[in-house]
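Structure first, then comments.
Just so you know, all these numbers are worked out from the coordinates, no wet-lab data involved. In this text, all values refer to a predicted model and were calculated from it rather than measured experimentally. Here Cβ is always computed from backbone atoms with ideal geometry, including for glycine, and neighbour counts include all displayed protein chains.
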Amino acid sequence: RHSYTKYNTWEKIAEWTREMAKKYPNLVKRLDIGGTTEGRPMYVLQIGKSGTSRRAVFMDCGIHAREWISPAFCQWFLIEGEEEITELLNSLTFYILPVLNIDGYVWSWTEDRMWRKNRAPTVDEECIGTDLNRNFNISWCEIGSSDEPCSEIFCGSAAESEKETQNVANFIRSHMDSIKAYITIHSYSQMLLYPFSYTYDPAPNSKELDEIAKEAVHKLHSLYGTSYVYGPSAFTIYPTSGSSDDWAYAKGINYSFTFELRDKGKKGFLLPESKIKPTCQETTLAVASIAQYVISQY
Ligand code: 0X9
Ligand code: ZN
């Protein structure tokens, strides 16, 4: 059975998206934004009250297969985060993509727990997969990225070469009038990052982003005392190009954030299930804080 405090297989998550839409027909709509490399439908849950304004926050989880706490958070946020988000839903729509890299996620359950990339064949038949967080069309394959198919940070054969990237980019492009914030959930390191990652230059509104991140991390800390560092991605973690947050920001989404959830490396990607609940609870506060700020701006 599906459980918010356990890691769920893709099968269970897919079934859960269907049930959510059925259970809350006035609040939740399930959208199919296109198929993965292996043909699995990518579902976005649209959470919103009808008749509210068109401002929206887009959040994705599971761009990297092995980061299991990330999809767990997207599922949690929708339902268990109810208390925090009901209020926000009066003025916002959330688009939630619970698993972006579905094929990779399935592979991490069935064959290789430490799988990161998608499952698309490359020119090298020995090596499978593109790093979807290097495949977006922003400074593609330059810094912190590799053109070697066997690399864990392989950028793909071209910007947006991958179906998963295309589907997300197309969806965001077609909702540009409403999407005001982009949030992408990874693990691990306990960091809240904002652009840029492809350059050390400051983002035009970096002071504002820093304030938002500071407040979000403060809220997160208030629950269980979990410490996060925050700052521009290139300095705070390392430079990368072709990443989704920089791409969304360059498209004109001024509030773009990457979370690296618990822990700081003790268990790393293998975060125990007992930590799902506290991790998701504290992260909900941080995401709600960002959403609150977005509302205050319009
Ligand atoms: O390398 C990555 O893609 C992210 N770290 S992870 O361990 N989850 O793989 C960091 C991304 C940092 N870059 C941006 N925020 N753009
Ligand atoms: Zn990641």
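Mind checking the log10 I(q)/I(0) for segment 34-163 at q = 0.14, 0.16 Å⁻¹? Debye, one equal scatterer per Cα, no solvent, two decimals. Taking Cα atoms of segment 34-163 as identical point scatterers yields -0.68, -0.83. With a Förster radius of 22 Å, plug the Cβ-Cβ distance of Lys22 and Gln166 into 1/(1 + (r/R0)^6) and report the FRET value to the nearest 0.05. The value I calculate is 0.20.
Explain nothing, just the number: relative contact order of the chain, from Cα pairs under 8 Å at least 6 residues apart, as a whole percent. 20 percent. Considering only alpha-carbon pairs that sit under 8 angstrom and 6 or more positions apart, the relative contact order computed for segment 113-180 is 27 percent.
Near His175, once Lys and Arg are set to +1 and Asp and Glu to -1 for all other residues with Cβ below 12 Å from its Cβ, the sum equals +4.
Working out 0.36 nm times the residue gap between Phe235 and Asp124, then minus their Cα-Cα distance, what length gain in nm do you get to one decimal?
Working: separation 111, 0.36 × 111 = 39.96 nm, distance 3.28 nm.
Result for the pair: 36.7 nm of gain on full extension.
How much length is gained on full extension from Ser178 to His218, taking 0.36 nm per residue of separation minus their Cα-Cα distance?
Details: separation 40, 0.36 × 40 = 14.40 nm, distance 2.76 nm.
Contour length minus Cα-Cα distance gives 11.6 nm.
When the chain is described by a simple charge dipole with +1 on each Lys and Arg Cβ and -1 on each Asp and Glu Cβ, the residue from Ser197, Gly129, Ser91 located farthest towards its positive end is Ser91.
Legend: Rg and Dmax of segment 145-231, from Cα coordinates, 16.2, 44 Å.
Let me have the 222 nm mean residue ellipticity of the chain computed from DSSP H runs of 4+ only, each contributing -39500 (n - 2.57), with the sum over all residues rounded to the nearest 500. Show your work: numbers first, answer last.
Numbers: 9 runs with 105 residues, N = 298.
Taking each H run of at least 4 residues, the total per residue is -11000 deg cm²/dmol.
For the residue pairs Lys12/Lys277; Lys180/Lys277; Lys6/Lys29; Lys163/Lys277; Lys219/Lys277, alpha carbon separations beyond 20 Å are given by Lys180/Lys277; Lys6/Lys29; Lys163/Lys277. Gain on full extension, evaluated as 0.36 nm per residue between Gln297 and Glu11 minus their Cα-Cα distance, stands at 99.1 nm.
Treat the chain as a sphere of radius equal to its Kirkwood radius over Cα pairs and apply Stokes-Einstein at 10 °C in a medium of 1.306 mPa s; give the translational diffusion coefficient in µm²/s, rounded to a whole number.
Once the numbers are plugged in, D ends up at 84 µm²/s.
Other residues with beta-carbon under 11 Å from the beta-carbon of Ser187 carry, at +1 per Lys or Arg and -1 per Asp or Glu, a net charge of +2.
Rg and Dmax of segment 103-252, based on Cα coordinates, read 16.3, 49 Å.
In percent, what relative contact order does segment 70-186 have, based on Cα pairs under 8 Å that are 6 or more apart in sequence?
This gives 17 percent for segment 70-186.
Between Arg66, Arg262, Arg173, the Gaussian network model of the chain with springs among Cα atoms under 10 angstrom shows the greatest mean-square fluctuation at Arg173. Residues of segment 1-26 with an amide N closer than 14 Å to a point placed 7 Å from the Cα of Thr110 along the Cα-to-Cβ direction: 9-12. Using a 4.7 Å Cβ-Cβ cutoff, the cysteines of the chain lacking any partner cysteine are Cys280. For the chain, a crude dipole built from +1 on the beta carbon of Lys and Arg and -1 on the beta carbon of Asp and Glu, taken about the Cα centre, is about 1020 debye to the nearest 20.
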